[in-house]
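The values are calculated or read from the model by the stated rules, or taken from the named source; none is laboratory data. Being a predicted model, the structure only gives us computed values, none of them experimental. With ideal geometry, Cβ positions are generated from the backbone for all residues, glycine too; neighbour counts draw on all protein chains shown. Side chains are part of the model used for accessible areas, which takes the heavy atoms of the whole protein and leaves out ligands, DNA and RNA. Shrake-Rupley method; radii C 1.70, N 1.55, O 1.52, S 1.80 Å.
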Amino acid sequence: MKKTSLILWTLAMVACSTQKKIVDIPIIFDEQRVELTKEYLLNRYEIEQDTPLITPKMVVLHWTAIPSLKKSFEAFNRSTLPNWRPDIENVSGLNVSAHFLVDQDGTIYRLMPETTMARHTIGLNHCAIGIENVGGTEGFPLTKQQLKSNIYLVNYLASKYDIDYVIGHQEYTLFEGHPLWLEVDDGYRTKKTDPGMDFVEKVRNATKKFNFKPVPTKQ
C-alpha cells in the first residue's frame, strides 16, 4: 500500500474512535519542503535561519472550503503547490498547510509539529499556529463539534505557548503595521472570509481566561 493511501486509511479508521483528543497524521515534510519553508522565511520575512522553526504568538482559525477530510488532507499533503493555486504560486512554490485539521465530527488531527512554520496566513506565518476546519461551504457549514474542538485546541495551545492573539483568517490584514507583521510585499494579499466572526467570537469567549490581546483596528 502506498504511503499516502496508508495515511488516508488511517484517517478513516481513527475517525471512528473518540479515545484520543489529538491524532498525529503527518503531512509530507521532506527536505524539499524544509528548504522551501526556509526560503519563504527569508524571502517573505527576511528571517534567515537553519531550521523552519517558529515561536508561536498567535492562533489563526480557518476553514478549508473543501467538503471532505480526505480532500482537505490531500490539499496540504504535498510539499509544493498544486497548479490550482496560481494566485500565490508566483510568491513561493511552498504548498499551503496548517498545524491542525479538524474534521466535521470534531476529530482533531495534527498534521505537523506546532513549532514548524506552516504556510496559512500572509504576513504572520512566522509566529502563527494554524487550525483548519473541514468544510465551511454552504452545503458543509462548520459544526458544533468543530467549535468544541477549536476551543479545546486553543486551551491546549495557550497553556503550552505564550499565545497573545486568537484570530480568524479574515482578520489577518488588521495586523499590517503591527510588530508581528513581516510580509515584505505590500501588494501580496488575498481576501479571506473564513471561518466567520461568529465562530471566532465563540472560541474567544470560551477561552477568555487567557486574556488574549485584542485584535488591532484599522486607523
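Computed values, structure above
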{"quantity": "Residue 129 being outside any loop (DSSP other than H, G, I, E, B), touching a Pro at 6+ places or on another chain (Cβ under 8 Å) and open to solvent by less than 10 Å² (accessible area, probe 1.4 Å)", "calculated": "yes"}
{"quantity": "Every pair of residues 6+ apart whose Cβ atoms lie under 6 Å, when the first sits in the stretch 161-180 and is touching a residue at least 24 places away in the same chain (Cβ under 8 Å) while the second is open to solvent by 20 Å² or more (accessible area, probe 1.4 Å) and among the charged types (D, E, K, R)", "calculated": "164/57; 164/213; 165/213; 166/204; 169/192; 170/192"}
{"quantity": "Qualifying residue in the stretch 132-151 (condition: part of a strand (DSSP E or B), touching a residue at least 60 places away in the same chain (Cβ under 8 Å) and within 14 Å of residue 62 (Cβ to Cβ))", "calculated": "yes"}
{"quantity": "Hits in the stretch 24-79 - residues which are more than 17 Å from residue 95 (Cβ to Cβ), open to solvent by 30 Å² or more (accessible area, probe 1.4 Å), part of a loop (DSSP other than H, G, I, E, B) and of a type outside the set (A, V, I, L, M)", "calculated": "46, 48, 49, 50, 51, 55, 57, 67, 68"}
{"quantity": "Pairs with Cβ under 9 Å, 6+ apart, first in the stretch 199-219 and over 17 Å from residue 149 (Cα atoms), second of a type in the set (Gly, Ala, Ser) and part of a loop (DSSP other than H, G, I, E, B)", "calculated": "216/177; 219/177"}
{"quantity": "Inter-residue pairs, beta-carbon under 7 Å, first without any contact (Cβ under 8 Å) to a residue 40 or more places away in the chain and in the stretch 102-128, second of a type outside the set (Lys, Arg), 6+ apart", "calculated": "118/97; 118/98; 118/99; 118/112; 118/125; 118/130"}
{"quantity": "Leading residue by the ranking (surrounded by the most Cβ atoms within 10 Å (Cβ to Cβ)) among those in the stretch 132-167 that are modelled with pLDDT of 95 or more and charged (D, E, K, R)", "calculated": "132"}
{"quantity": "Considering residues of the stretch 168-204 that are part of a loop (DSSP other than H, G, I, E, B) and basic (Lys, Arg) only, the residue surrounded by the most Cβ atoms within 10 Å (Cβ to Cβ)", "calculated": "192"}
{"quantity": "Looking only at the stretch 205-218, and only at residues there that are of a type in the set (S, T, N, Q) and outside any helix (DSSP H, G or I), the one that is modelled with the lowest pLDDT", "calculated": "217"}
{"quantity": "Residue list for the stretch 94-110, filter: over 17 Å from residue 41 (Cα atoms), surrounded by 24 or more Cβ atoms within 10 Å (Cβ to Cβ) and among the aliphatic types (A, V, I, L, M)", "calculated": "101, 102"}
